[in-house]
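Undergrad: Sending over a structure as structure tokens; questions will come in a sec.
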């Protein structure tokens, strides 16, 4: 199975890289997730069976001042990855965050709970879903 992993130097990506030994692993220096064309080229070159998107604009406070960049990386890039995965017949694994919720629920959130993000980061991650 050929795996394309984005976000190889992040918290989740570095652990996945160590365990899965993906055929292709990218980080922000090798794949600009703010560029749809760069994403398309990377996926088409890799010809993966599985795409694991462990990359994200994770600077929660900084995202408030850079909403467009956060939206390109967290909101738009997963959509492009999804389109490319579909065309390649590949599976896409994408990670969410608790920031898509407002944090007021006293029990664990479920996938069926309505989202209510309170920050740019949360809104952009929700858009990516």
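Undergrad: Can you tell me which condition residue 103 does not meet? The list is (1) part of a loop (DSSP other than H, G, I, E, B); (2) in contact with a helix residue (DSSP H, G or I) (Cβ under 6 Å, 6 or more places away or on another chain), and all the others hold.
TA: (2)
Undergrad: If I filter the stretch 37-61 down to residues being in a loop (DSSP other than H, G, I, E, B) and surrounded by fewer than 16 Cβ atoms within 10 Å (Cβ to Cβ), which single residue comes out as modelled with the lowest pLDDT?
TA: 59
Undergrad: Confirm whether residue 34 is under 17 Å from residue 7 (Cα atoms) and assigned to a loop (DSSP other than H, G, I, E, B).
TA: yes
The values are calculated or read from the model by the stated rules, or taken from the named source; none is laboratory data. Please read all numbers here as calculations on a predicted model, not as lab measurements. Backbone-built Cβ (ideal geometry, glycine too); neighbour counts: all protein chains shown.
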